[in-house]
Every structure is written in C-alpha cells, then in structure tokens.
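A short worksheet on the structure shown next.
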Amino acid sequence: MRRSDLLHAIRFWILVVIAGLAVSGVTAFPPEAELHWSLLVLQTTALRSVAEFTHLLPWITRVYDAVSITNKHYPFLAYGTDWLAFAHLVIAVAFIGPYRDPVRNQWVISFGLIACAGVIPLALIAGDIRGIPVAWRLVDCSFGIFGGIPLLLCRKHIRALERSETGTIEDERGHT
C-alpha cells in the first residue's frame, strides 16, 4: 500500500473510533429521556412482540423505572453518568494524536486496545454482581469487541506505515 493510502485508512478507522466514543459519551448524558423514548418505540411498534419475547421490554421498563425514581429522589447520582460521558469524550480527544501522527502516537492505539479488552471482564464480572441479565452483558462485551476491530486495523496499517518510513522489515516484536 502507498503511504497516502495507509494514512487514509488509518485516519478513517480513527474517525470511526472517535465517532463511536463521542456517540457513547453524548448518549450517556440523558439516560432517562433515552429510556423513555426506547420504551415508547418498543411498546408501540411491531417490535413489541420481539421485545417481550426476548425480555427486552420488561428489562428496559425496570431500568427506566429505577432511573426515573432515582433521578426524582436522588438526582446527584446521575452525576456519575455525567462523568462517564465526559470520560468518553476525553478519550475520543486522545485519538487526535494518532490521527495527526500515527507512528509517533501509536501508543494511543495500544491503550485503546487494552481498554477494549478490559470491557469484557468488567461487563461479565461487574454485570453479574449488579444483576445485569446475561444477554445484556454480552451486548456490553460487544462494545469491546467492535471497538477493538478498527483499532486492530489501525495498528496493522500503522505498522505498515512505519516499515515504509524506516525502510526496514520488523518482526512482531519490533526487532529488525
């Protein structure tokens, strides 16, 4: 691949990661409104039978009731999801470094891959402790998996770019 093609591919996948983090961040701010909207959609469309069969509708109803009651009596607890949202946005900003200079900032890609891998044990362990249904924990695990895919592609293209810039062939451990 030519240098320009590698840079284009790297930047495309980094923008996918940034967009995913930004959407995840922004959607963590208004959970009560989002849950209310989700319930309206699940209760009034052809999705209702599927949502009931998969137990999604009772689960979303339970979560909405909990968030709504908590927000009414203890709104300060939502401050935790505000920080979660902020953290997603800050992490998204960190990917500007590898967007601008992928080789020099490839450590951010490694950081992202470690974070994606960490999603899986967190979702499985903490989800079990918190009583989250298995199916929902698997959905949460998928964020780590699907977040890792563009980062793995970035890493592959960055390594190719690095080899093209140094003119050497390196093995998997970085040795020439």
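Consider only pairs whose beta carbons are under 8 Å apart and that are at least six residues apart or on different chains; among these, list those whose first residue lies in the stretch 38-56 and is among the β-branched types (Val, Ile, Thr) and whose second residue is open to solvent by 60 Å² or more (accessible area, probe 1.4 Å) and assigned to a helix (DSSP H, G or I).
Close Cβ pairs satisfying both conditions: Val41/Leu47; Thr54/Ala135.
Does Ile18 qualify as being among the β-branched types (Val, Ile, Thr), in contact with a Phe, Trp or Tyr (Cβ under 9 Å, 6 or more places away or on another chain) and surrounded by 13 or more Cβ atoms within 10 Å (Cβ to Cβ)?
It is true that Ile18 is among the β-branched types (Val, Ile, Thr), in contact with a Phe, Trp or Tyr (Cβ under 9 Å, 6 or more places away or on another chain) and surrounded by 13 or more Cβ atoms within 10 Å (Cβ to Cβ).
Would you check if Trp59 is open to solvent by less than 60 Å² (accessible area, probe 1.4 Å), of a type outside the set (Lys, Arg) and either under 30 Å from Arg3 (Cα atoms) or out of contact with any Leu (no Cβ under 7 Å at 6 or more places or on another chain) (or both)?
Values: open to solvent by less than 60 Å² (accessible area, probe 1.4 Å): yes; of a type outside the set (Lys, Arg): yes; either under 30 Å from Arg3 (Cα atoms) or out of contact with any Leu (no Cβ under 7 Å at 6 or more places or on another chain) (or both): yes.
It is true that Trp59 is open to solvent by less than 60 Å² (accessible area, probe 1.4 Å), of a type outside the set (Lys, Arg) and either under 30 Å from Arg3 (Cα atoms) or out of contact with any Leu (no Cβ under 7 Å at 6 or more places or on another chain) (or both).
So is Ala126 over 18 Å from Met1 (Cα atoms), modelled with pLDDT of 95 or more and in a helix (DSSP H, G or I) or not?
Answer is yes for this residue.
Ser24 - would you say it is free of Cβ contacts under 8 Å to residues at least 60 places away in the same chain, in contact with a His (Cβ under 9 Å, 6 or more places away or on another chain) and open to solvent by less than 50 Å² (accessible area, probe 1.4 Å)?
No.
Going by what's in this entry, would Gly80 be described as closer than 30 Å to Ala33 by Cα, in contact (Cβ under 8 Å) with a residue 12 or more places away in the chain, among the small types (Gly, Ala, Ser) and part of a helix (DSSP H, G or I)? If you could, list the steps in order and put the result at the bottom.
Values: closer than 30 Å to Ala33 by Cα: yes; in contact (Cβ under 8 Å) with a residue 12 or more places away in the chain: no; among the small types (Gly, Ala, Ser): yes; part of a helix (DSSP H, G or I): yes.
Considered against the rule, which asks whether it is closer than 30 Å to Ala33 by Cα, in contact (Cβ under 8 Å) with a residue 12 or more places away in the chain, among the small types (Gly, Ala, Ser) and part of a helix (DSSP H, G or I), Gly80 comes out as no.
Out of all the residues in the stretch 99-141, which are small (Gly, Ala, Ser), open to solvent by 30 Å² or more (accessible area, probe 1.4 Å) and under 17 Å from Val17 (Cβ atoms)?
Across the stretch 99-141, the qualifying residues are Ser110, Ala115, Ala117, Gly118.
Go through the stretch 28-37 and give me each residue that's under 21 Å from the mean Cα position of the chain (by Cα), surrounded by 14 or more Cβ atoms within 10 Å (Cβ to Cβ) and without any contact (Cβ under 8 Å) to a residue 60 or more places away in the chain.
Listed by number, the residues that qualify are Phe29, Pro30, Pro31, Glu32, Glu34, Leu35.
Would you check which residues across the stretch 14-56 are more than 22 Å from Tyr79 (Cβ to Cβ), among the small types (Gly, Ala, Ser) and assigned to a helix (DSSP H, G or I) and list them?
If the condition is that a residue be more than 22 Å from Tyr79 (Cβ to Cβ), among the small types (Gly, Ala, Ser) and assigned to a helix (DSSP H, G or I), then Ala19, Gly20, Ser38, Ser49, Ala51 are the ones that fit.
The values are calculated or read from the model by the stated rules, or taken from the named source; none is laboratory data. The model shown is predicted, which means the values in this text are computed figures rather than measured ones. Note that each Cβ is placed from the backbone with ideal geometry, even for glycine, and that neighbours are counted across all protein chains shown. Please note that ligands, DNA and RNA were not included when accessible areas were found on the heavy atoms of the full protein model with its side chains. Shrake-Rupley method; radii C 1.70, N 1.55, O 1.52, S 1.80 Å.
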